[in-house]
Amino acid sequence: MQAPHTTSETLDLLQRYESRNVLYRDPDGTWPIVWERASGCKVWDVEGREYLDLTAAFGVAAAGHANPAVVAAGQRQMETLLHAMGDVHPHRAKAMLLRRLSEITFEKWGAGPGKCILGSAGFESVEAALKTALMATGRSRIISFEGAYHGLGYGALTATHRGLFRNPFRPQLTEFADVVPFPSADNDLPTLRVRLATLLQRGVHGAILVEPIQARGGIRIPPAGFLSMLREVCDEHGALLILDEIYTGFGRTGAWFACEHESVVPDLICLGKALTGGFPLSACVGSARLMDRAWPASEGEAIHTSTFLGHPVGCAMACAQLDELNRLNLTALSKKRGDIALRRLQEISKIKGCFTARGIGLMLGLELRDIQGKPDGSRSIRVIKKLLQRGFILLPEGEHGEVISLTPPLTIEPVQLNQVADALEKTLGDEL
Ligand SMILES: Cc1ncc(COP(=O)(O)O)c(C=O)c1O
């Protein structure tokens, strides 16, 4: 069979053989590009054009695309053991990774060892957390937040709050989440606390599930004190606090985990994306005390598992990725470079039609609104497409795609951040 060579050949083939609704192909030919290779912060398409990636490919390539140490670890693992038997006959790399995950979370936070359930996609770690909450508390409902994105598997979708994703599947969704507003200002917190306490008093909620910063929801940063308030209210009512740090984890926000900004220790933390830098692996980590309360010892058949659970290549890559995040000091760099980039974005946000710029570490967003003050998704998407033509890969976030988001590899250089800021400024200016 002959491989496609060009963008249009590849897209034609996909259009013919991939289900509708996966790929969006703009009739004017400006979207998408077809990725051929990537290295560091750069991506090249099949036509040989070079791009600067401001997305880290959904936040995955935190230590740079194809980080050599991570690739080498994956290659070594592939040569010795490509696949093992998840819950039946395990392998060494999994044991090593689980120890590392405990060390960088619950042990570091002074909460004793952590225990973990691995999965492949991020949503699986959310579902492992939801099951853990039910097993530990015996309570079936959870509380989640407006604008939340926890993935699209049926369990996670219950807590994901966007009609676009949920509406077509409602007849098959078991509704076990009560949804409360995600706070945006200090004075939202007292009302929210009362609302949460009222719900939790019913004694039917096992957990509050929350992203410390809503990423896909539009880089929404809650007021300081939000996570501490959730911790308190959970403790008062015997509910678990599940933090979905799939996007915010591993240095993205300028701390290893976003909960560390407020020194809040969750009961369960969900991880994915940057965990491996490019292999589908996710983790639900909880304190050993809680995990042992929730899960009975196996009597031969695991009640929660999957064929690829704890894939050897993913585990080996994750260990190397954690080493690289440390070696390159990427958490500190994320904070430093993010602060500078945010100041620049705040300047840009003075351009007409820009509403606000916000960010924490290298998780940044520029929100656009029209003259009536409504979210202006069509403008942000126009700008993002123009920037793609100028060699910058960006994504829109927010319910209406109104936020131009920047979540680059944490290895991005200041000069590269300046390049995208200049291009963004010019493109937004030209739009007027
Ligand atoms: C906060 C958060 N949780 C969960 C997910 C789902 O992860 P996955 O797409 O790997 O299932 C995402 C994906 O963007 C996410 O941002």
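No value in this document is a laboratory result; all are computed from the given coordinates. Just so we're clear, the structure is a prediction, and the values are computed from it rather than from any experiment. Reconstructed Cβ throughout: ideal geometry from the backbone, glycine too, with neighbour counts over all protein chains shown.
Fully extending the segment from Glu262 to Thr307, taken as 0.36 nm per residue of separation minus the present Cα-Cα distance, adds 12.5 nm. Across the range 143-154, rounded Karplus estimates of 3J(HN,Hα) from the backbone phi angles (6.51 cos²θ - 1.76 cosθ + 1.60, θ = phi - 60°) give 10, 10, 10, 4, x, 6, 10, 10, x, 10, x, 4 Hz, Gly and Pro being marked x.
Which GluC sites (Glu not before Pro) does the range 105-169 hold that lie in a coil by DSSP with at most 16 other beta carbons within 10 Å? Before the final figure, lay out each step's value.
Working: sites: Glu107, Glu124, Glu127, Glu146; in loops: Glu146.
Here the GluC sites (Glu not before Pro) that fit, given the DSSP loop and packing criteria, are Glu146.
Take Leu82, project a point 7 Å from its Cα along the Cβ direction, then tell me which residues of the range 105-141 have their backbone nitrogen under 14 Å from it. Flagged as within label range: none.
Over all projection directions, the Cα-based convex hull of the chain averages an area of 21.8 nm².
Taken over the range 320-399, the alpha-carbon convex hull comes to 116 cubic angstrom per residue.
By per-residue mean of other Cβ atoms within 10 Å, what is the highest-first order of 252-261, 108-117, 71-80? Walk me through the numbers on the way to the answer.
Details: 252-261: 23.2, 108-117: 18.1, 71-80: 15.6.
Listed from highest to lowest mean packing, they are 252-261, 108-117, 71-80.
Of all DSSP bridge pairs formed entirely within the range 217-371, close to 75 percent run antiparallel. Under 20 Å of direct C-alpha separation, and excluding same-chain neighbours fewer than eight residues apart, Lys374 reaches these lysines: Lys350, Lys352. Here the relative contact order of the range 1-131, from alpha carbon pairs under 8 Å that lie six or more residues apart, stands at 11 percent.
Using packing as a proxy for protection, rank 199-209, 55-65 so that the peptide with the highest average count of other Cβ atoms within 10 Å comes first.
55-65, 199-209
Distance between the C-alpha centres of the range 195-227 and the range 369-390: 29 Å, rounded to the whole angstrom.
Could you tell me which of the pairs Lys94/Lys273; Lys42/Lys385; Lys115/Lys335 are separated by over 26 angstrom between their Cα atoms in the structure shown? Could you put the intermediate results ahead of the total?
On the way: Lys94/Lys273 17 Å; Lys42/Lys385 17 Å; Lys115/Lys335 29 Å.
Those over the limit are Lys115/Lys335.
Starting with the fewest neighbours, write out Val285, Val415, Val126, Val383 ranked by other beta-carbon atoms found within 10 Å of each beta-carbon.
Ordered by Cβ neighbours within 10 Å, fewest first: Val415, Val383, Val285, Val126.
Each of Ser120, Ile219, Ala148 was placed along the dipole of the range 70-327 (beta-carbon charges, centred on the mean Cα), and the one lying farthest toward the positive end is Ser120. Short to long, the 5 Å bins of the Cα pair-distance histogram for the range 70-327 hold 1, 6, 13, 18, 20, 17, 12, 7, 4, 1, 0, 0 percent of all pairs.
Each Cα pair under 8 Å and six or more residues apart adds its sequence gap; the mean of these over the residue count of the range 70-327 is a relative contact order of 31 percent. Selection among Ala320, Thr248, Val46 by position relative to the dipole of the chain gives Thr248 as farthest towards the positive end (Cβ unit charges, Cα centre).
Listed by chain and number, the aspartates and glutamates whose C-alpha is less than 15 Å from the C-alpha of Lys426, apart from same-chain residues fewer than 8 away, are Glu347.
If you take every DSSP beta bridge fully contained in the chain, what fraction is antiparallel? Give it as a percent rounded to 5. Please list the in-between numbers first.
Numbers: 34 of 50 bridges.
Around 70 percent antiparallel, to the nearest 5.
In the elastic network of the chain, a GNM with C-alpha springs shorter than 10 Å, the most mobile of Ser19, Ser405, Ser228 is Ser19.
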